[in-house]
Amino acid sequence: MSLIENRMTKAEFASRVMAMPVFDTHTHLVGDRLAASDFWEIAHYFWLFRELQAAGYPADADKLPEEERISAFLDAYRATRSTLMNIGFTAILRELYGIEIRDAASVREAVAAVKRSGADEDWAQRTADRLQIRRFAVNHPAHAAFRGMRDDAVLIPRIDGKLGPWIDRVAQSADPARELSQTLDEIEAMLRGFADAGLPGIMTTLPRYESLAGIRSEIGQNSSRDDIMKELLHGICSAAERHGLLVQLFLGVERSWCGTALPANDTARLLKLSALFETYRCRFELVLASELNNLDAVQAAWNFPNVHVGGMWWFNFRASTYRDSMQYRLEALPAGSSSIVVSDARCMEWSFGKIWLVKKLLAEFLWERLESGWIDLETAMHTAEEWLYESAARRYGASRISRMADNGERRG
């Protein structure tokens, strides 16, 4: 059915996208404190805080007297009105609280409103329901039990905290080969335990690396840390394949240049890993923080059917990079090979705010493709459903909404 035959307006199309289910595939939400406890927890969210600081907001604003803090916040808020996180923050206050930040009185109104919502045990679920955010992923076992929500989070344990010590242990051993073998046995046991517990997979970030996964190395006294990491990655992927686990690779943030995390575009980043995608039959999900690797990830997924492309992480969460990445994916991949939502949120309000932005960008992008005649309405809707929820739900083994969700019940 053509768009003209359907007589759907842009606003109606956007409304349908905004009402679609969402899987937030990477969060820092903590299950027993999902909602923000005060206004400043929302206002000082890392990404917005960076933008405010660029406009002169003091790094130690929390130490200012309340009225001075409000005044400094207002100045920085007004100065950053065009930035994406400011727009997301504005949407949070408008959509969830009915508040527009105009002056000190409106900030104080927001302070009082967030204090009330933080004490409301149903607030987190109601906030998620406003945008149909059905499921969330977390990476720490202690965070997965979502109090007051219909469903617990999907747990995808992160192992990057173990990767560095494993490399150190092998590199510092008097018998590196033997230590590597023992470490691989430890990895095998750990991933078998994850599979036995019904978890979908593991997640890890990776430091900057030079070794190529396609060139195997005998580990000995003179082995580089990169070669050791490469052999550990082979062990991780081999174990993941045996136990049917997903391997999420979060790539593109570097902390080696200075004390601040920075985006690092590396044109060979995924090429160096490509032998892993080719060798092992486990599924891989690539989540990137660097703009210039977005096309590389799509090319990897095009070449290797077991590679999927995940949401936009860290410095990739920008309207411009979203539009480019969505175009790459639409042209090259079946919709089921992509997910586009990574909120990185530390409170439910920012999961809402960032997903509001994603849905708005997605609706605008797909409408433009509809208007230009490249896709039809059915394709647009299917793409949106897959990118927002369905592909992630299948990848993580969570495609069925729980019986409690169907019955409108909540977890206590």
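The values are calculated or read from the model by the stated rules, or taken from the named source; none is laboratory data. Everything numeric in this text was worked out from a predicted model, so none of it was measured. Note: ideal-geometry Cβ built from the backbone for every residue, glycine included; neighbour counts use all protein chains shown. Remember, those area values only see protein heavy atoms, side chains included, never the ligands or the DNA or RNA. Shrake-Rupley method; radii C 1.70, N 1.55, O 1.52, S 1.80 Å.
What number goes with the only condition from (1) in contact with a strand residue (DSSP E or B) (Cβ under 9 Å, 6 or more places away or on another chain); (2) closer than 25 Å to Glu291 by Cβ; (3) outside any helix (DSSP H, G or I) that Ala398 does not pass? With (1) in contact with a strand residue (DSSP E or B) (Cβ under 9 Å, 6 or more places away or on another chain); (2) closer than 25 Å to Glu291 by Cβ; (3) outside any helix (DSSP H, G or I) applied to Ala398, the lone miss is (2).
Of all residues in region 228-250, those being open to solvent by less than 40 Å² (accessible area, probe 1.4 Å) and more than 18 Å from the chain's Cα centre (by Cα) number 14.
Of the residues in region 86-99, not one is in a helix (DSSP H, G or I) and more than 25 Å from Phe317 (Cα to Cα). Kindly provide the set of residues from region 125-147 that are open to solvent by less than 10 Å² (accessible area, probe 1.4 Å), small (Gly, Ala, Ser) and assigned to a loop (DSSP other than H, G, I, E, B), ordered by number. Once the filter is applied, which keeps residues that are open to solvent by less than 10 Å² (accessible area, probe 1.4 Å), small (Gly, Ala, Ser) and assigned to a loop (DSSP other than H, G, I, E, B), region 125-147 yields nothing. If you go through region 300-326 and keep only what is in a helix (DSSP H, G or I) and open to solvent by less than 50 Å² (accessible area, probe 1.4 Å), you end up with Ala300, Ala301, Trp314, Phe315, Asn316, Ala319, Thr321, Tyr322, Ser325, Met326. Return yes or no: is Ala171 hydrophobic (A, V, I, L, M, F, W, C), in contact with a Lys or Arg (Cβ under 8 Å, 6 or more places away or on another chain) and farther than 28 Å from Ser37 by Cβ? Yes, satisfied. Of the residues making up region 148-174, those that are of a type in the set (Asp, Glu) and open to solvent by less than 40 Å² (accessible area, probe 1.4 Å) are Asp151, Asp160.
Here region 196-218 is the region considered, the condition is being more than 22 Å from the chain's Cα centre (by Cα) and modelled with pLDDT of 95 or more, and the residue that is least open to solvent (accessible area, probe 1.4 Å) is Ala197.
In region 24-35, the condition of being among the acidic types (Asp, Glu), in contact (Cβ under 8 Å) with a residue 60 or more places away in the chain, open to solvent by 50 Å² or more (accessible area, probe 1.4 Å) and under 30 Å from Ala153 (Cβ atoms) is met by at least one residue. Taken as a whole, region 357-372 holds no residue that is in a helix (DSSP H, G or I) and in contact with a strand residue (DSSP E or B) (Cβ under 7 Å, 6 or more places away or on another chain). Among the conditions (1) closer than 19 Å to Leu361 by Cα; (2) out of contact with any Asp or Glu (no Cβ under 9 Å at 6 or more places or on another chain), the only one that Pro305 does not satisfy is (1). Screening the candidates Leu271, Leu288, Leu330 for the property of being among the aliphatic types (A, V, I, L, M) and open to solvent by 70 Å² or more (accessible area, probe 1.4 Å) yields one hit, Leu271.
Please verify whether region 30-40 includes one or more residues that are part of a helix (DSSP H, G or I) and either over 21 Å from Asp122 (Cβ atoms) or touching a Pro at 6+ places or on another chain (Cβ under 9 Å) (or both). Checking region 30-40: at least one residue is part of a helix (DSSP H, G or I) and either over 21 Å from Asp122 (Cβ atoms) or touching a Pro at 6+ places or on another chain (Cβ under 9 Å) (or both). For the condition crowded, with 18+ Cβ neighbours inside 10 Å, touching an Asp or Glu at 6+ places or on another chain (Cβ under 7 Å) and in contact (Cβ under 8 Å) with a residue 24 or more places away in the chain, Ile101 does not qualify.
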